[in-house]
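The block underneath contains the structure these notes are about, expressed in structure tokens.
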Amino acid sequence: MRNSVNRPPTPDAAEDLGKEPMFQEIINIKLIESGEKERLMELLRERLIECGWKDEMKALCRAFIKKKGRNDVTVDDLVRVITPKGRASIPDYIKAELLQRIRAYLVQAAV
């Protein structure tokens, strides 16, 4: 039986005791609490649709399903194959815009 690629492994409760949150975790918590993370995710969705990335990923999924056969493909198979291609094909200008927005938020929030 395969593990789902959609879910990270459950952390061991013993590992979490007494562990200080890392800086990245603190930033993530602040982004979530302020609602900024959801705004950034919406911006990302809009930019990926505008540049045709979403349609490109949809075409890759369809091609993979056609190659393997509709009944022989699971969602986990699609995620495993498409995720690396999807991450690598996000345009640099979109990554730069999101990074700039995150930096601006951090400066404004004085994290």
Solvent exposure ordering (accessible area, 1.4 Å, most first) of ASP76, ASP55: ASP55, ASP76
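Assign unit charges at the C-beta atoms only (+1 for Lys and Arg, -1 for Asp and Glu), then state the dipole size of segment 57-111 relative to its Cα centre in Debye, rounded to the nearest 20.
240
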Under 27 Å between alpha carbons, and skipping anything fewer than 8 positions from LYS54 in its own chain: which lysines qualify? LYS37, LYS66, LYS67, LYS68, LYS85, LYS95
How big is the shadow of the Cα convex hull of segment 20-111, averaged over all directions, in nm²? 7.6
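The values are calculated or read from the model by the stated rules, or taken from the named source; none is laboratory data. Because the structure is a prediction, the values reported are computed rather than measured. No Cβ is skipped: glycine too gets one built from the backbone with ideal geometry, and neighbour counts run over all protein chains shown. Side chains included, ligands, DNA and RNA excluded: accessible areas come from the protein's heavy atoms. Shrake-Rupley method; radii C 1.70, N 1.55, O 1.52, S 1.80 Å.
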